[in-house]
Structure formats: structure tokens, C-alpha cells
1. How far is helix 2-21 tilted, in degrees, relative to the longest principal axis of the Cα atoms in the chain, given as a value from 0 to 90 rounded to the nearest 10?
2. Show that you can apply the helix-only estimate: for the chain, add -39,500 (n - 2.57) for every DSSP H stretch of four or more residues, divide by all residues, and state [θ] at 222 nm to the nearest 500.
3. Only one of the values (i) 1.32; (ii) 1.17; (iii) 1.26 was calculated from this structure for Cα Rg over 2.2 N^0.38 Å; name its label.
4. Could you tell me which of the pairs LYS113/LYS154; LYS49/LYS154; LYS120/LYS164; LYS49/LYS174; LYS25/LYS120; LYS36/LYS170 are separated by over 23 angstrom between their Cα atoms in the structure shown?
5. Can you pull out the trypsin sites (Lys or Arg not before Pro) in region 79-171 whose DSSP state is coil and whose Cβ has at most 16 other Cβ atoms within 10 Å?
6. Across the chain, where is the longest run that never hits GluC sites (Glu not before Pro) in a DSSP loop with at most 15 other C-beta atoms within 10 Å?
Amino acid sequence: MRKIILIFIIGLLISQNNEMNNLSKNLKVFEPYIGKTYKGEFSESTPEKPVFDVQYWERILNGNGIKITHSVNDGEYGGESIIMWDLKSKSLQSWYFTTAGFYIEATVTFKDKKVVSIEKVTGNQNGITKIKSIVQLLPNGEMHSKAQYFQEGKWIDGHEIYYKEDSKAKIIFK
């Protein structure tokens, strides 16, 4: 009897784990990111003035969405993104809300194992109206993120970060 109960409990746990990892067909490409926390230093970071970002990727809305929560320098800045399949446009869409009070809407594509988003910025005080972000998992398990900003009529290089998976890193908001 104990053996049957143990098998039932193991089966139940496996079933729940599979359910938690199950993503809609349009989000399957993101499975390698889900449930992971990454920490990385910005390329312009210095020992005197370190700048780092922590991100956590999770499955939400019964697998119909992905939420990415992040914070820079333990809460100096941060935000939350939600990626979902949009039935009307038949494309992946993203909404990013920041602690700085502005938000971003984006169209997301997945090309050559890279997540590419073209973002329309609303309410930014620096005159940035668009952002192009490229995120990819590297063969060594690191995640690479690079951004360009459309400001005053031209594209300029933005931030670049190499992340390592870090399950102990924490998302902090002030």
C-alpha cells in the first residue's frame, strides 16, 4: 500500500511540474528561459560605480504569458514585462512597466535563436521614442542582452549586458 501511495505522490508531483512548465505553442521558444534568475553587469559598469541587473523569467496565465521581472542595482530602477501572443496582430507582443513611471509596448520576434523586440516608448524624459533589444542564450549558458535607442531621429548604442544564471540573486524594488 505504501508503494502505491508513493507512486501516486511522485506521479502527482511530476504532473504538477509539467503543468507549471507548459507554455502555449506561440511561447514554446522561451522555455529555456523560464524559471531562471540571471544576474549581469552592464558593459559600462566600473569597480568604482558598479551597475548590475537581475532578471527572473516566469510562466504566467496558465502558460499563455511570460513575465520578466528585473531590478537594477538593488532597486535603483526596475520593471516588469509581460509577453503574450496577440490574436489580432498574430504576433508576440510585450508590455513593460517601469519604476521610473513610463511604459513600453513592443512587437517581439524570435529569429536565429534571438529574442528581438522593437519597442515604442511612452513617457520617457530623455527623448527616447524607440528601443531595439536583442536577447539570446549563449552556448555557455550565459544570456546576452544588447539595446539600441532611437533618440532625436537616430539610433544610438544603448546598454549591453552578459548575464550568468544566479539562483541566489534577488529582485529588489525600493
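1. Computed tilt is about 20 degrees.
2. Dividing the helical sum by the residues of the chain leaves -4000 deg cm²/dmol.
3. The value matching this structure is (ii).
4. LYS113/LYS154; LYS49/LYS154; LYS120/LYS164; LYS25/LYS120
5. LYS88, LYS90, LYS113, LYS168, LYS170
6. It runs 77-141.
We did not get these values from a lab; they are worked out from the coordinates using the rules stated. Just so it is clear, the structure is predicted and the values come from calculations on it, not from any experiment. Positions of Cβ are generated from backbone atoms using ideal geometry, with glycine treated the same way; all protein chains shown enter the neighbour counts.
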